[in-house]
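Written out below as structure tokens is the structure these notes cover.
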Amino acid sequence: QVQLVESGGGLVQPGGSLRLSCTASGSMYRIGAMGWYRQAPGKQRDLVAIITNIGNTNYADSVKGRFAISRDNAANTVNLQMNNLKPEDTAAYYCMMNIVPKSGTNPSAHWGQGTQVTVSS
């Protein structure tokens, strides 16, 4: 059973910074892409940033230049550094990892429980 645990959310003033982390534990063979998504009340869950297993990254246009995604493969961890936060960044943030459970099997998406980020003065 794979579990993803997130940390680092909270309340921050506009212009401030937060760092989110997500660590996977349990039985795994390999982790592929890792990413962060967010969902505001009444809206769909959208991609924020994603990083492949070789380090290629992609960002939503709204966060380019402000957010940075990184991964530590040895620690099964993905991080999201968020700078110059804006009120419109307020949402629940979810990490996602594509995990191959055993050699020769297909990857499947696993999700964290979500962590709230609120940007307000």
Ordering of 15-24, 67-76 by packing [mean C-beta count within 10 Å, highest first]: 15-24, 67-76
Ignoring ligands, DNA and RNA, what percent of the 1.4 Å accessible area of the chain is carbon and sulfur? 46
Highest mean first, what order results for 86-92, 53-59, 7-13 on Cβ atoms within 10 Å? 86-92, 7-13, 53-59
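Looking only at Cα atoms, what is the convex hull volume of region 34-80 per residue, in Å³? Walk me through the numbers on the way to the answer.
On the way: hull volume 3.6 nm³, N = 47.
Looking at region 34-80, the number lands at 77 Å³ per residue.
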Farthest towards the positive end of the dipole of the chain, among 59, 100, 14 and with Cβ unit charges of +1 on Lys and Arg and -1 on Asp and Glu, lies the Cα of 100
Would you calculate the separation in nanometres between label points at residue 103 and residue 72, each defined as 7 Å from the Cα along the Cα-to-beta-carbon direction? 2.8
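Roughly how large, in nm² to one decimal, is the mean projection of the convex hull of the alpha-carbon atoms in region 1-64?
5.9
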Extension length gain for residue 19 and residue 111 (0.36 nm per residue less Cα distance), in nm, is 31.3 nm
Summed over the other residues with a beta carbon less than 15 angstrom from that of residue 15, with K and R at +1 and D and E at -1, the charge totals 0
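The values are calculated or read from the model by the stated rules, or taken from the named source; none is laboratory data. Quantities reported herein were computed from a predicted structural model and do not represent experimental measurements. With ideal geometry, Cβ positions are generated from the backbone for all residues, glycine too; neighbour counts draw on all protein chains shown. In case anyone asks, the SASA skips ligands and DNA or RNA and just uses the protein heavy atoms, side chains included. Shrake-Rupley method; radii C 1.70, N 1.55, O 1.52, S 1.80 Å.
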